[in-house]
Every structure is written in structure tokens, then in C-alpha cells.
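Some notes on the structure that comes next.
The values are calculated or read from the model by the stated rules, or taken from the named source; none is laboratory data. As the structure is a prediction and not an experimental result, all values here were calculated from the model. Neighbour counts run over all protein chains shown; Cβ positions are idealised from the backbone, glycine included. For the accessible areas, the whole protein counts, side chains as well, though only heavy atoms, and no ligand, DNA or RNA atoms are used. Shrake-Rupley method; radii C 1.70, N 1.55, O 1.52, S 1.80 Å.
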Amino acid sequence: MIQSRGFTFRTCSHLIRKKYYVVSRNASSALPELTSVRYKVERGPYATLTDGHVNFFTNLLDQNRVVTDPDECEGYNVDWVKMVRGKSRLVLKPKSTEEVSAILKYCNENRLAVCPQSGNTGLVGGSVPVFDEIVLSMRLMNSIIDTDEMAGVVVCQAGCILQSLEEHMHKVGLIMPLDLGAKGSCLIGGCVSTNAGGLRLLRYGNLHGNVLGLEAVKANGEVLNCLNTLKKDNTGYHLKHLFIGSEGTLGIVTKVAIQCPPSPKATNVAFLGLDSFDSVLKTYCSAKANLGEILSSCEMIDKLSLEVCTKYLHLQNPITSGGDGHNFYMLIETAGSHLAHDEEKLNAFVEKAMNEGIIADGTLSSEPSKMQNMWALRERITEGIMHEGYVFKYDVSLPLKDFYKIIEALRERLKSPEIRRISGYGHIGDGNIHVQVATKEYNDEIAAQLEPFIFEYVSKLHGSVSAEHGIGFKKTKFLHYSKDASVISLMKQIKRMMDPNHILNPYKVLHPL
Ligand code: FAD
Ligand code: 2HG
Ligand code: ZN
């Protein structure tokens, strides 16, 4: 252990993998108001479920894969943050592509609306029905089909849990290219359908690059085989991209082929305390310049975001010398092939920043339990903040120089005593901040003060109204702040062509059509 001006370097020779946990849902047991009531939505021209329809599905699937019990259906009707609630009376659990195909063919012919659902960890209300859409749960489609160690490719059904895939790949010296706090609950098909970003995007890129191929079922039940496993294949249109990030509105993803990088042999984490956002930016620039190829994550947490983990989840802040705490924290991870080399680089980077007065305090470790604690302080903010009651969430991309101004603007604008916390954290390395406005409960007036203000603000700065969580149900009205009319028009044409009866995830992404 090396001590230096309040800065503690703790190292050891263990190699680590991050800890995984199933993210627990919203602390409150109260159900949200029905989506159709709270957000005043009109039901589309869909058929209403009959006993005849249910009989068809019962003949197709086993009885225990057709859920009609209202109590059991409830869990599929409410989203993770308890922001939206549908009233579906039927959940179907297919096990194969053929079953998905038969379900969609029937739904299309009978004009029954369908809401695909994977781990139901989505944060924009896309994964639960708005009205009585049939929930198509992908959880039982969880087989790993093939693992090519040499090429670094896994092919699996879409319902595999991300964490299970990570554990599987670890056995053959590979990792999944994406990593997120919901990894114990989210399914790979859900991640692909939202083009989930997460904590490693800075290093490995997004799923448009990492998904080599996929299989999807179209609204009419036709199976589209784009399950390519090649890294290079320039043979015409790359239709896989239509399904990556389209949130279940163009088809159901049933299988995926993903490229998986080698497991790093050495991992180090630095947890840093900083006094200003300007110091955060300087540290990020310095990390990029000095850590180069071993930098695997660069995350920012403001004081009030960190506090939900220490206050509600009783996690330990490893930097205690800051008295009242620092205004900002950063978590910087390196993943490389030589522990001593990586440690030396990280130590030198941190020492330099400290000598220049950019970093106020910090701790650095390659010890598994310490790194896990540091990561938990970042990954479990989503869970911790739910203890406040209700959270208005925004997930935006902004130019780095303006990254944190949005939090300051909101603190200036919102003065209601109902507000418990306005905080920001996120993937600074990707220019993506998560904005949280916590209240005791959902409040129409605060909602009206936030929207469209926040989207106009982001749009003026040429940012994106959704950096990684998608449009879902919650942001359809605000799509135009980030997409040109010509683009939205082509999106609508594609939707009409691929799903002419609009049975796939209605009221999401593009609404009204
Ligand atoms: P669901 O929530 O079930 O579905 C998401 C959307 O995809 C819905 O619109 C659904 O209809 C559609 N869909 C699901 N499966 C399919 C399918 N097979 N075919 C077609 N459509 C389908 N997101 C990030 O980008 N980065 C993060 O770092 C991140 N961290 C998170 C941390 C926590 C604690 C939580 C709760 C969420 C986080 N998310 C993050 C948000 C979320 O988008 C991801 O968790 C994940 O991508 C959703 O996967 P899921 O399996 O839960 O999908
Ligand atoms: C994260 O980066 C996730 O932790 C979730 O994208 C963000 O809770 C949120 O808004
Ligand atoms: Zn995120």
C-alpha cells in the first residue's frame, strides 16, 4: 500500500471479474396509475381477447406457458421503475422461433396487439403493454446454441440472461462486449432491441457493431434469417440493424450472434473524488490520453447520486477523507493483459492529476472485493434512488462541455418542495448523462415543468433525447427533437411495410403513426 497526500493506492495481485447481482425492483409496493389514465392514451383499433383466442394459444403452447391469472399477469404489466402500467390479460411464453412465428401469424390475422418483453428492466415504458396487448415473454428462450472460442463468437436464443452469457463466456476466456447494472435481470434480446449501451461501450463499442447477426420474426410470422457469424460480410443491405434498437416495433428478435472480446487478464479500478465538474472533464481527457488502450470505463457520479447508495443501500464510500464528501466522483477502470504494467500506468495517471490539483482524493485497487464495492456505488444508483419514491428519468447525450449544465438548469428551474433530489451521473466517456428528478410520488405539475423543457434544452445543444434507453412509450412525443422530419417519415414507412396492422408494440417509438 502506498500512501500519498491523502491518496491511497491499494493493490494486490488478484484478477477480478465484476460482481453480478439481480437488480431489485422499486422499493415501493404501490402500483402506478394505469398508463392509459395517467398519460391519456386512446386504444388502437385492435381485437379484444376472447376465450377462442386463448384456446388457440393453449393448443399451441403447454398450459403452463399461457398465463391468464390476473395476479401473475400483474408483474408483466408494470415496468421496473413503476412509471407505467398496462392491463394485459394474457402472457405467452414461447420456447422456440417456430412458436413465436405461429403466435405472430395468428395475432396478425386476428389483429391482436403484442408487447414483446424480455427482462422488463427497460426504463422508458417500452416493455409493458399500454392497454391489453398480449405480452410475449422471451424468458424461456434461453439456450446457448454455439460458442466459437477461436473466433470469439456466441450464438444464442434471445432470452438468455446477460449475466448467464457473461459467466458462460468467462469459462472460455471471453467476455460479453456489454455490461450494465441490470445484467442479472436483462435478457440479451432486450439489450439488442434497445441497443443498450452500458459501462463498457467506451471500450468495445455498441451493439450495432457487436451483433454479427440475428434471427427475427416479422409481424406476419415470417422468420428472417440474418444469423450471420462472420466479422466481414458486405453482401447487400444489413437488415440486422433494423432490429437493433427498434424496441420490438419491427419484429421479435429470437436469436443473436455476438462477438465477444478476450477476457482481460488484469483489471484495476480508481475511485476518485473531485471538487468541480471542470476537474471531471480534465480527468476524463487525461485518462484518455494517458491510459489509452487499457481504459475500459470512465464514469461520473455527482454527490447526490452517490448519496443514494450510501444512505439507502448502506454501501461504503471508499474515500472518507473528504469530510462532507466531494461534489463529484469518477470511477475509472482499466482492463489489460499485464497487471503490473496497467497498475503503473494508472498510478502515474492518478498521481499526475493529483499533483496538478485536478483530483482531490481517491483510491485505487485491483482487489476483487474493493473493486466490487466501487462498482456497486455506480451500478446501484438506479436501485438506490427508487427509495425516494418516484423518479423522473432522462437519459440524454450532450456535448461534454455542457454535460452537467442540464442538472444546474433543472435545479434553477424546479423549486417545488415536492422535489427530493435532482442529480446526475453517467457515462461521461460516451457523453451520456442520466438525469434524475426524485419526488415522493408522481406529480403532474412537476412533469409539466420538466417536459418538454428538458428536451428543448437538449435539442438546442444538439444533443440526443435518448442516449441509450430508447424512446419506448415515454418519449414518442419528443422524437422530433432528435430526428429530422424526413427521417421520422422514412421510419413510419418502414414500420408500415414491416407491420401493416401495427400489431407490434403499439404506442411505442412511433405514435401516432
Ligand atoms: P425489456 O425491458 O424487457 O425490453 C426492452 C424493449 O425491447 C421493450 O420495448 C421490449 O418490447 C423490447 N423487446 C424486448 N425483447 C425483445 C425481443 N426479443 N425482440 C424484440 N423486442 C424486444 N440501459 C443501457 O443502455 N445502459 C445501461 O447501463 C443500463 N443500465 C441499467 C441498469 C438498471 C439497474 C436498469 C433497471 C436498467 C438499465 N438499463 C440500461 C435499461 C435497459 O434498457 C436495459 O436494462 C436492457 O437493455 C433492457 O433489457 P430487458 O431484457 O430488460 O428488456
Ligand atoms: C446506468 O447507466 C443505466 O446506470 C441506468 O443506464 C440509468 O437509472 C438510470 O436512469
Ligand atoms: Zn446508462
Quiz item: Does the stretch 295-310 include one or more residues that are in a strand (DSSP E or B), crowded, with 22+ Cβ neighbours inside 10 Å, assigned by TED's automatic domain parsing to the domain that holds Leu272 and more than 22 Å from the chain's Cα centre (by Cα)?
Solution: no
Quiz prompt | Failed item in (1) away from ligand 2 (no atom under 16 Å from the Cβ); (2) under 21 Å from Thr194 (Cβ atoms); (3) of a type in the set (S, T, N, Q), with Ser459 passing the rest | solution = (2)
Quiz item: Among the candidates Val37, Val67, Val54, which residue alone is hydrophobic (A, V, I, L, M, F, W, C), buried (at least 18 other Cβ atoms within 10 Å of the Cβ) and at pLDDT 60 or above?
Solution: Val67
Quiz item: How many residues are of a type in the set (Gly, Ala, Ser) and within 30 Å of the chain's Cα centre (by Cα) if we restrict to the stretch 328-364?
Solution: 4
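Suppose the filter is under 18 Å from His241 (Cβ atoms) and open to solvent by 20 Å² or more (accessible area, probe 1.4 Å); does Val509 pass it? Working first, answer last.
Working: under 18 Å from His241 (Cβ atoms): yes; open to solvent by 20 Å² or more (accessible area, probe 1.4 Å): no.
For Val509, the condition - under 18 Å from His241 (Cβ atoms) and open to solvent by 20 Å² or more (accessible area, probe 1.4 Å) - is not met.
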Quiz item: Considering only residues of the stretch 201-223 that are open to solvent by 20 Å² or more (accessible area, probe 1.4 Å) and within 16 Å of ligand 3 (Cβ to nearest atom), which is nearest to Gly248 (Cα to Cα)?
Solution: Asn206
Exercise. Hey, can you tell me all the residues within the stretch 406-428 that are surrounded by fewer than 17 Cβ atoms within 10 Å (Cβ to Cβ) and closer than 24 Å to Lys282 by Cβ?
Key: Glu408, Ala409, Arg411
Self-check item: Long-range neighbours under 6 Å by Cβ, at least six apart or interchain, first residue within 18 Å of Ser296 (Cα to Cα) and at pLDDT 95 or above within the stretch 178-201, second more than 8 Å from ligand 1 (Cβ to nearest atom) and of a type in the set (Val, Ile, Thr)
Solution: none
Quiz item: Within the stretch 157-169, is even one residue open to solvent by 10 Å² or more (accessible area, probe 1.4 Å) and assigned to a loop (DSSP other than H, G, I, E, B)?
Solution: no
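Suppose we filter the stretch 456-477 for residues that are closer than 12 Å to Val509 by Cα and surrounded by fewer than 20 Cβ atoms within 10 Å (Cβ to Cβ); how many remain? Can you show your working first?
Filtering the stretch 456-477 down to residues closer than 12 Å to Val509 by Cα leaves 466, 469-477.
Subsequent filtering for residues that are surrounded by fewer than 20 Cβ atoms within 10 Å (Cβ to Cβ) retains 476-477.
Selection size over the stretch 456-477: 2.
Yes/no per residue for (1) free of Cβ contacts under 8 Å to residues at least 24 places away in the same chain; (2) within 16 Å of ligand 1 (Cβ to nearest atom); (3) more than 26 Å from Ser416 (Cα to Cα); (4) not small (Gly, Ala, Ser):
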site	(1), (2), (3), (4)
Tyr442	no, no, no, yes
Glu445	no, no, no, yes
Ala448	yes, no, no, no
Tyr457	no, no, no, yes
Gly472	no, yes, yes, no
Lys495	no, yes, yes, yes
Leu504	no, yes, yes, yes
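Can you confirm whether Ser416 is in a loop (DSSP other than H, G, I, E, B) and touching a helix residue (DSSP H, G or I) at 6+ places or on another chain (Cβ under 7 Å)? Spell out the reasoning first.
Working: in a loop (DSSP other than H, G, I, E, B): yes; touching a helix residue (DSSP H, G or I) at 6+ places or on another chain (Cβ under 7 Å): yes.
The answer is yes for Ser416.
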Self-check item: Condition met for Gly198 (outside any strand (DSSP E or B), within 20 Å of the chain's Cα centre (by Cα) and surrounded by 20 or more Cβ atoms within 10 Å (Cβ to Cβ))
Solution: yes
